[in-house]
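The values are calculated or read from the model by the stated rules, or taken from the named source; none is laboratory data. Remember, it's a predicted structure, so these values are computed and weren't measured experimentally. Ideal geometry is used to build each Cβ from the backbone, glycine not excepted, and the neighbour counts take in all protein chains shown. Quick note on the areas: whole protein, heavy atoms, side chains included, nothing else; ligands and nucleic acids left out. Shrake-Rupley method; radii C 1.70, N 1.55, O 1.52, S 1.80 Å.
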Amino acid sequence: MSLLAFGINHQTAPVAIRERVAFTPDSLLPALQDLIERTAVNEAAILSTCNRTEVYCGLEADNIEVVLNWLQEFHRLERRELEPYIYQHPDQHAVRHMLRVASGLDSMVLGEPQILGQMKDAYQLASEAGTIGKMLSKLFQHTFSVAKQIRTDTAIGHSPVSVAFAAVSLAKQIFGDLGKNTVLLIGAGETIELAARHLKESGIGRIIIANRTVERAHALATELDGYAISLAEMPRHLAEADIVISSTASTLPILGKGSVESALKHRKHKPMFMVDIAVPRDIEPEVDELDDVYLYSVDDLQEIIEENLKSRQDAAHQAEEIIDTQVTHFMGWVRSLESISTIRAFREQAERLRDETLARALGQLERGENPEQVMQELARLLTNKLTHTPSVQIRQASCEGRMEVLDVVRELFDLGNEP
């Protein structure tokens, strides 16, 4: 059986194509079962995220084209629509690809940890669908282990490169210990949630979350021991904030120079640190003209992000070295599977000869023959039977000049190099 990893990702296909190839949560299980039933695939798992859709297979050799056709047909795509964007990795290349994906080396954000959890979910669902066998089960477990090793042994995840983390890093540089500070987070989307979690981990004193939909703000605030307010209430709480981080989908600024000026008066001009992550901007650029305000935009955070990215790139080189070694280890295990049928046949032959010889000896003992002579005869016969065929084959190989067979026999039976 061969291994195959194939699919599309953010590097090979635009979002318009990725959307059409993605699997919804409800379609994954029937898709897996359909793949197994309609093709030569024996084992399969599907990883489908916003940035990639990949299929991992154990299949009979020379059936790759059939599997690619299945993906195209399942999503009702023309071959010409899909073919320019798809990649395929057979055997050891499939192993390497999976290890790189799980370790965050193939992600849009280098070293991001979410993909490992998504791969674990893909494995779990395939297990529930009954489409995971010995080969893929071993490969997934190996993948999870290597990804954990890379997280532990390298700094791939030690320098977050998100905008949210960069904002929190700046806040810590300005205020030092955040334990006595209050943050006002405007919005309740993914970026704000990530910033809130980074702040919580950094020991922020108090969190206020303002959002157009209060219920959404309340859900996040409850989880992080914060306080939820509506956008309409924001002006009354702005003066409480030492740190303001904003990321909404508003097309117009929601925080103007006048509101900030008023808040500064209530704060007796105690400095405020403000980060506007939104595009278009949430905070009027004129706010930066005010004394005692440190206003940063997304562009201002780029230097921090690039510095942390450099750190991750250095760690990625170490990770690639670990992956090289681990691909070799896994493919060694795969090759060892090819010996199983030979070992089984060899053992079955030896056991058959043993049983025949033992039955003969037991018959002799029942007839009252001398036990010592019976045992000696059993040992002689069993030795002759076990060595007869190999001896004939060794002589034949020697006569034909196939001396490499003799070397293999010496290695196989640990005979040393004696003539």
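Would it be correct to say that TYR56 is among the hydroxyl-bearing types (Ser, Thr, Tyr) and open to solvent by 30 Å² or more (accessible area, probe 1.4 Å)?
For TYR56, the condition - among the hydroxyl-bearing types (Ser, Thr, Tyr) and open to solvent by 30 Å² or more (accessible area, probe 1.4 Å) - is not met.
Can you name the condition, by its number, that ASP242 falls short on among (1) open to solvent by less than 10 Å² (accessible area, probe 1.4 Å); (2) charged (D, E, K, R); (3) in contact with a Leu (Cβ under 8 Å, 6 or more places away or on another chain)?
Among (1) open to solvent by less than 10 Å² (accessible area, probe 1.4 Å); (2) charged (D, E, K, R); (3) in contact with a Leu (Cβ under 8 Å, 6 or more places away or on another chain), ASP242 violates only (3).
Please enumerate the residues belonging to segment 282-301 that are free of Cβ contacts under 8 Å to residues at least 40 places away in the same chain and surrounded by fewer than 19 Cβ atoms within 10 Å (Cβ to Cβ).
If the condition is that a residue be free of Cβ contacts under 8 Å to residues at least 40 places away in the same chain and surrounded by fewer than 19 Cβ atoms within 10 Å (Cβ to Cβ), then PRO285, GLU286, ASP288, GLU289, LEU290, ASP291, ASP292, SER297, ASP299, ASP300 are the ones that fit.
Just name the residue that is most open to solvent (accessible area, probe 1.4 Å) out of those in segment 345-394 that are of a type in the set (Lys, Arg) and within 53 Å of the chain's Cα centre (by Cα). Explain how you work it out, then say what you get.
Here is the first cut: in segment 345-394, the residues of a type in the set (Lys, Arg) are 347, 352, 354, 360, 367, 380, 385.
Keeping just the survivors that are within 53 Å of the chain's Cα centre (by Cα) gives 347, 352, 354, 385.
Details: ARG347: 141, ARG352: 118, ARG354: 110, LYS385: 74 Å².
Restricting to residues being of a type in the set (Lys, Arg) and within 53 Å of the chain's Cα centre (by Cα), the top hit is ARG347.
Could you list, in sequence order, the residues of segment 30-39 that are in contact (Cβ under 8 Å) with a residue 24 or more places away in the chain and open to solvent by 30 Å² or more (accessible area, probe 1.4 Å)?
The answer is GLN33, ASP34, ILE36, ARG38.
What is the number of the single condition among (1) open to solvent by less than 30 Å² (accessible area, probe 1.4 Å); (2) modelled with pLDDT under 90 that LEU47 does not meet?
It is condition (2) that LEU47 fails.
Out of everything in segment 189-209 that is open to solvent by less than 10 Å² (accessible area, probe 1.4 Å) and of a type in the set (Gly, Ala, Ser), what residue ends up being farthest from ALA164 (Cα to Cα)? Break it down into steps so the answer makes sense when it comes.
Just the residues of segment 189-209 that are open to solvent by less than 10 Å² (accessible area, probe 1.4 Å), to begin with: 192, 195-196, 199, 207-209.
In the following step, the residues that additionally are of a type in the set (Gly, Ala, Ser) were identified as 195-196.
Details: ALA195: 5, ALA196: 8 Å.
The residue in question is ALA196.
For (1) open to solvent by 10 Å² or more (accessible area, probe 1.4 Å); (2) at pLDDT 90 or above, each residue gets a yes or a no:
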position: LYS148; (1), (2): yes, yes
position: THR152; (1), (2): yes, yes
position: HIS158; (1), (2): yes, no
position: VAL163; (1), (2): yes, no
position: ALA166; (1), (2): no, no
position: LEU170; (1), (2): yes, no
position: PHE175; (1), (2): yes, yes
position: LEU178; (1), (2): no, yes
position: LEU185; (1), (2): no, yes
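Could you pull out every one of the strands (runs of 3 or more DSSP E) wholly within segment 154-246 that has 2 or more residues that are free of Cβ contacts under 8 Å to residues at least 24 places away in the same chain?
Hits in segment 154-246: 227-230.
Going through segment 109-139 one residue at a time, which ones are surrounded by 19 or more Cβ atoms within 10 Å (Cβ to Cβ) and of a type in the set (Val, Ile, Thr)?
Scanning segment 109-139 gives ILE115, THR131, ILE132.
Got a number for residues in segment 288-327 being in a helix (DSSP H, G or I), of a type in the set (Val, Ile, Thr) and modelled with pLDDT under 95?
Final tally of qualifying residues: 2.
Would you point out the residue of segment 210-235, among those that are modelled with pLDDT under 95 and β-branched (Val, Ile, Thr), that is surrounded by the most Cβ atoms within 10 Å (Cβ to Cβ)?
So, considering only residues that are modelled with pLDDT under 95 and β-branched (Val, Ile, Thr), the one surrounded by the most Cβ atoms within 10 Å (Cβ to Cβ) is VAL214.
Only one of (1) closer than 29 Å to ARG312 by Cα; (2) touching a Phe, Trp or Tyr at 6+ places or on another chain (Cβ under 6 Å) fails for THR39. Which number is that?
THR39 satisfies every listed condition except (1).
Just give me the residues in segment 4-29 being on the phi < 0 side of the Ramachandran plot, outside any loop (DSSP other than H, G, I, E, B) and open to solvent by less than 10 Å² (accessible area, probe 1.4 Å), in sequence order.
LEU4, ALA5, PHE6, ILE8, ASN9, VAL21
Name the pairs whose Cβ atoms lie under 9 Å apart, with the first residue in segment 69-95 and free of Cβ contacts under 8 Å to residues at least 60 places away in the same chain and open to solvent by 60 Å² or more (accessible area, probe 1.4 Å), the second part of a loop (DSSP other than H, G, I, E, B) and among the small types (Gly, Ala, Ser), and 6 or more positions between them or separate chains?
PRO84/ALA13
Any chance segment 319-326 includes a residue that's open to solvent by 70 Å² or more (accessible area, probe 1.4 Å) and either touching a Gly at 6+ places or on another chain (Cβ under 8 Å) or farther than 30 Å from SER159 by Cβ (or both)?
Checked against the condition, which is being open to solvent by 70 Å² or more (accessible area, probe 1.4 Å) and either touching a Gly at 6+ places or on another chain (Cβ under 8 Å) or farther than 30 Å from SER159 by Cβ (or both), segment 319-326 yields no hits at all.
Which pairs turn up if I take residues in segment 253-269 that are on the phi > 0 side of the Ramachandran plot and look for partners that are in a loop (DSSP other than H, G, I, E, B) and modelled with pLDDT under 95 with beta carbon separation below 6 Å, at least 6 apart in sequence or on another chain?
Qualifying pairs under 6 Å: HIS269/ASP292.
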